[in-house]
Every structure is written in structure tokens, then in C-alpha cells.
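Structure record follows, encoded as C-alpha cells.
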Amino acid sequence: MIKTGLFENIAEVSDEARNAFIGYLEEIEAEKGYKLENAGEVSNYLFYIAQGSARSFYIRDNRDITVSFSLEGEFVTAMHSFITRSPSYETIETLEKSLLYRISYENLQRCFQEFQDLERVYRIILEKYYIALEEQMIFSKFKSAKERYLELMEKKPKIIQRASVGHIASFLDMTIETLSRVRSKI
């Protein structure tokens, strides 16, 4: 089962709250390309990636646009859909064989009612999500292609090894050709 240090890199949580949360988790072994969430459907689960990686993307004008990457030790969901209970704009899929744990929206709410320290952890997760989203927006608007690639290498170097060149180029808001030129100069 999942490590007892599940939240240790986020916030301190009582053993009772951690065990209650873990008790609601379902384990999922997923192959590469497994869809965790689908665009047009309400996101019902918050996922924890124990091993592997995932990407969030949407399709626009028949183009696959990667929004984010998630790695081991991170939570992932279609956040807008999960919070608002409305259909998701994005699809989330695994990039490789992965081991994940998921908790349903309803069970997460039960945990919050019983354990306030879990609400604090969730708030911190949401804050990290918001900061990453804002950084990505700034990142794509104000930095050069080379700066965007170097920042990805610095912040999430494992993505360079795990994601396809097309997914990376899409995430960095550049063509595959531009990404190849940037990489050749580094």
C-alpha cells in the first residue's frame, strides 16, 4: 500500500487523518495512454501518482495541446471540473506504465468533514496548483523558446526523458522544429 509519508512534503497531518484518507484510496495500475479523466465528463477523482507520470491536455482545432505534466509524489485531476462538478475541458492520460491511487470527490469531502488538517493539505495542494498555473501562463507569454525549455529542464527534468517531443513542444508552446533547434543549441 501507499507510504505513510503521503503528505509529508505538503503539511503535517495526524496519523488518524492520514489513515482515514488512505482507507478511501483505490489503487490503479495503468498502462501508458490510460485516460484518468476525459474531456466532457465531470472529474470525479483526485489522483496521487506513486510511480509514473501523466499529462493534461485538450484538443483545439484538431491540435493536441499539453497543459501540464505530473510526476511521482504529485496529485493530479481536472481541477476546474473536480471543484465545480461541471464537465472537464481537459483529458488526463498516463505517459508511461504508472501506479496511482485515487479518492472520489465524495470520499474526499467526508475526510474534510472529519479531519480539518486534511482541508489544510487540500488548500496547500490548490495553492501549488494555482501557482503552477500562473507560472505557466507567464512562462508561455514572456519567455523565449530557449528560456522556456531551460526552465522545464531545471524544474521538471524527468519530463524531458518521459514525454514525447511533440508533447514537450506543445507544452512549451512551440513547434517540434523550434524545439529541435533549441535543443541543438544547448
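Taking the longest Cα principal axis of the chain as reference, the axis of helix 105-114 is set at about 50 degrees. With a threshold of 20 Å on the Cα-Cα distance, the over-threshold entries among K97/K185; K97/K128; K143/K185 are K97/K185; K97/K128. Across every pair of non-identical alpha carbons in segment 3-117, the mean reciprocal distance, once inverted, gives a Kirkwood radius of 14.7 Å.
Note on the chain: with a GNM built from Cα contacts shorter than 10 Å, the maximum mean-square fluctuation among R55, R162, R63 falls on R63. Seen from Q136, the other residues with C-beta closer than 14 Å to its C-beta sum to a net charge of +1, counting Lys and Arg as +1 and Asp and Glu as -1. Other residues lying with their Cβ under 13 Å from the Cβ of Y149 contribute a combined charge of +4, Lys and Arg counting +1, Asp and Glu -1. Rolling a 1.4 Å probe over the heavy atoms of the protein chains gives the chain an accessible area of 57 Å² per residue. Once the Cα atoms are used to define both axes, helix 15-24 deviates from the longest principal axis of the chain by about 70 degrees.
Short-range pairs are left out: with C-alpha atoms under 8 Å and at least six residues apart, the relative contact order of the chain is 25 percent.
The values are calculated or read from the model by the stated rules, or taken from the named source; none is laboratory data. A quick note: this is a predicted structure, and the numbers were derived from the prediction, not measured. Note that we place each Cβ from the backbone using ideal geometry, even for glycine, and neighbour counts take in every protein chain shown. Each accessible area value is taken on the protein alone, full model and side chains, heavy atoms only, with ligands, DNA and RNA left out. Shrake-Rupley method; radii C 1.70, N 1.55, O 1.52, S 1.80 Å.
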